[in-house]
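See structure below.
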Number of protein chains: 2
Amino acid sequence: MIVEIISTGTELLLGQINTDAPYLAKRLNELGYSVLFQSTVGDNRERMSQVIQTALSRSDIVITSGGLGPTQGDITKEVTASVLNLSMYLHEASVERIKRFFAQRHLGMAHSNLRQAMMPEGAIVVDNTCGTAPGVILELANGKVIIHLPGPPRELTVMFDQSVIPYLNRRFGVQGSIVSKVLRTYGLGEPLLEERIHQFILAQGNPTIALLAKGGEIHVRLTAKGESHAEAQKLITDLENKIYPYISDYIFGFDGETLEYITGRLLAAKNFTIALAESCTGGLVSSRLTDIPGSSNYFTGSVVCYSNHIKIEEVGVSAAILEKFGAVSQETALSMAEGIQRKFSADIGIGITGIAGPGGATPNKPVGLVYIAVSGPKGTALHEHFFNGSRLDIKNRTALTALNELRKYLLSL
Amino acid sequence: MIVEIISTGTELLLGQINTDAPYLAKRLNELGYSVLFQSTVGDNRERMSQVIQTALSRSDIVITSGGLGPTQGDITKEVTASVLNLSMYLHEASVERIKRFFAQRHLGMAHSNLRQAMMPEGAIVVDNTCGTAPGVILELANGKVIIHLPGPPRELTVMFDQSVIPYLNRRFGVQGSIVSKVLRTYGLGEPLLEERIHQFILAQGNPTIALLAKGGEIHVRLTAKGESHAEAQKLITDLENKIYPYISDYIFGFDGETLEYITGRLLAAKNFTIALAESCTGGLVSSRLTDIPGSSNYFTGSVVCYSNHIKIEEVGVSAAILEKFGAVSQETALSMAEGIQRKFSADIGIGITGIAGPGGATPNKPVGLVYIAVSGPKGTALHEHFFNGSRLDIKNRTALTALNELRKYLLSL
């Protein structure tokens, strides 16, 4: 069953972020419908008419959002009525409901609000429990359906979940089950990751495989359709088991599991505490680690040590090391990790130093040069990195990499 | 000049939020172009071909995002080539640039990356300064133009601003002028802020006024159209001067100016240094402050002090205070601010303690209770707050509020 989502509203063409279409797309996919097109059009009769005609020609179900309000710019129902050659009438039950809505809130009702109760003949009127504009379902002679939903996200989501889903289930039957699973990877670029599982991507059908770059991570998303949830789930598990060995070095978690969540779980499982000395990340790694509820059980604290003075006094880096090798060096990172571990009496210490830019580079030390040290019961692991991008990109990549190196260190114990 | 934006990528049909199309729409509108349609289509040859044909039939300029990557799912250029009956060739300069991109980063290049250098004949190739996929501009015999941009937002925005805008100006001339200005506010909720400037919102025409909630801030965006930049600019300035007195207490900056940027500028202007003792924010305020290039001139360092032990040893909070008043108390916040200021020899000290939740509440101290102290040459300012929302919401609100209180403290000196 092919669905097309049409978002109406000039504000979207001016650059407002659309959250209605993603919501509908996500829910419809979960229900087993294929959303193949999304269109956005302004509050203009001719162009909206074109877009609705195109959608009805290529899709089984067309769902619009927006344009059901009381103003002259709200024209969605009228445009559909003219596309389908339907007349409009005043739907008395909606008039009563809208009047009640205003009376209950001790608000005056503008006459224009009655526009919201005008309906194309033959419409199935859908009550709006969060606002005034009713929704509309029209069943066409050729079996297709067009559904008009209000634009405000709260009204749209509630109406869709409470009324439209039950309608779709009655009208088209349950569409089977869709199960999705995300394998979250870090540390290998998208093309090289794809090369490793190329054979599976080429051979994909059901489940599908999609690679997505997300905030520095690469996500591998498997999506399966089945008659039942169990069937779809089995298809996912089978494919995952095949793919896993090729990229297991880079998979750190699944679905909603972030690097800070995974490392936090490992720390908690081993009953370890952690302390950090952060220079170029400026506290970002500590902030990420403490995003996790319960992190106070393993996170003792950290020192953000931008100045050499703080590195010496508060972290215990020796002035001689700073002088000889510089603040951005292997030796300093090592000394930071070991110093903070000792000073905060933690099981694990992390030291991070680098040049986030745009200033601070020297001939031998470019912007993006970063050293990360992780010290603990098995000695100290140290890595050198060259990151690129803006100051924020470099901070973000450094933070993710530090969390990933912490994860690997913990797994190696 | 009518523009249509086509977003490609199956992930968008599955419900991922689209930020590329809003970005392009916003910029194009500012430049005076009319964005009349937006379409979204998956990585499917036949359907993408349909959508591109429809767009070329009704718009003068068609801009696509996505599908220029190295994978088999990246088909945008090929689809356009087949719609326009163009053959594809390997663009040697792009091959060299992509090879250099990988070599500079000491990364291996997958063979599939060369797909990104395949171009439709006659293409104007646009360099990608942030990634590997070049952009493509094709000028059709009928005067229309189709432009392919990469999907990753950073690559798309930089390429659009650096290369596409100059191209459009050359090809189509300057389209009149739109000027926008954002007044960034913090500390007053959207309904109350709207009430203060209600008369201007009701009377708006050109310029328009829009209120937008953004990551805890409320933005007031003024947008004016004029024949010239100067004319549009004057309209903005006139309206801004009228609105300003009503909300001046809450405006902290304009356009791209973040709270960390504004506070950083104030610190630098006064030649002050700052140090922080962060508990419930876990390093987030330090990370924000160090997002600003050059922050090493005023940011000395901070201690993230989750455990009482660290508060005592590293920040200098007295054990007696912690015992008597608890870690989340006015007295502890005060002592943290003054302790870190002294210990790190900084001009300004900030102490933040609170309960980010979901655990940690007591009968007298609910989740969301936060104390923020700012100490400096004029003594110590202390505020109590009750924030709500998730752990991340509370961390974010606390960080913004701390930056705002730092700003007010600095302005009061």
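All of the numbers you see were taken from the coordinates with simple rules; none came from a lab. What you see is a predicted model; the values in this text were computed from it and never measured. Here Cβ is always computed from backbone atoms with ideal geometry, including for glycine, and neighbour counts include all displayed protein chains.
Table for the structure above
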quantity	calculated
Euclidean distance of C-alpha centroids, region B:1-61 and region A:1-55, integer Å	12
Sites B:E227 and A:E92, calculated FRET efficiency, Cβ-Cβ separation with R0 51 Å, nearest 0.05	0.50
Nearest-first distances (nm) between copies at B:L140, label 7 Å from Cα via Cβ	2.5
Evaluated over region A:275-413, the Cα radius of gyration and Dmax, each in Å	13.8, 44
Size of electric dipole in chain A: Cβ of Lys, Arg +1 and of Asp, Glu -1, about Cα centre, debye, nearest 20	280
Cα shape, region B:2-172, gyration tensor, a/c 1.5 rule	rounded
Proxy reagent accessibility, fewest Cβ within 10 Å first, across A:C130, A:C305, B:C280, B:C130	A:C130, B:C130, B:C280, A:C305
Residue-by-residue Karplus 3J(HN,Hα) for region A:207-216, coefficients 6.51, -1.76, 1.60, Hz, glycine and proline x	x, 8, 10, 10, 9, 9, 7, 9, x, x
Lys, Arg +1 and Asp, Glu -1 on Cβ, resulting dipole of region B:2-172 about Cα centre, debye, nearest 20	180
Beta bridge orientation in chain A: antiparallel %, DSSP, nearest 5	60
Exposure rule at most 12 other beta-carbon atoms within 10 Å, DSSP loop GluC sites (Glu not before Pro): chain B longest free segment	B:228-413
Order of A:R196, A:R184, A:R342 under a 10 Å beta carbon neighbour criterion, fewest first	A:R342, A:R196, A:R184
In Å, descending, principal axis extents of the Cα set of region B:177-254	36, 23, 18
Normalised contact order of chain B, rounded percent, pairs of Cα under 8 Å and 6 or more residues apart	10
Proximal charge balance of B:Y89 [Cβ under 13 Å; K/R count +1, D/E count -1]	-1
³J(HN,Hα), Karplus 6.51/-1.76/1.60, whole Hz, each residue of region B:119-130, x for Gly, Pro	10, x, 4, x, 5, 8, 8, 10, 4, 9, 8, 10
Beta bridges by DSSP in the protein assembly as shown, antiparallel share as percent, to the nearest 5	65
Tensor-based shape of region A:111-159 (alpha-carbon gyration tensor, a/c under 1.5 rounded, otherwise prolate or oblate)	oblate
Separation of alpha-carbon centers, region A:279-310 and region B:110-137, rounded to whole Å	41
Aspartates and glutamates with Cα under 19 Å of B:K311, excluding same-chain neighbours fewer than 8 positions away	A:E278, A:E313, A:E314, A:D347, B:E278, B:E323, B:E331, B:E338
Proxy reagent accessibility, fewest Cβ within 10 Å first, across B:H111, A:H309	B:H111, A:H309
Across the identical copies, how the B:V174 labels are spaced - nm, sorted shortest first, 7 Å along Cα→Cβ	6.3
5 angstrom amide H check on B:D43, placed H, neighbours 5+ away	B:G9, B:T10
Chain B shape via C-alpha gyration tensor axes, a/c threshold 1.5	prolate
Helix-only [θ]222 nm of the protein assembly as shown, DSSP H runs n ≥ 4, -39500 (n - 2.57) each, per residue, nearest 500	-11500 deg cm²/dmol
Sequence-distant residues sharing a close amide H with A:L36 (under 5 Å, placed H)	A:V3
Charge-dipole axis of chain B as Lys and Arg at +1 and Asp and Glu at -1 on Cβ define it, positive-most pick from B:I17, B:V158, B:G379	B:G379
Dipole of chain B, positive end: most advanced residue of B:A123, B:M1, B:I251 [Cβ charges, Cα centre]	B:I251
Amide proton proximity set for B:V304, modelled H, under 5 Å, gap of 5+	A:S302, A:V303, A:V304, B:E278
Solution diffusion estimate, µm²/s, Stokes-Einstein, region A:2-75, Kirkwood Rh from C-alpha pairs, 10 °C, viscosity 1.306 mPa s	126
Distances in nm from A:P245 to the matching label points in the other copies, shortest first (labels 7 Å along Cα to Cβ)	7.7
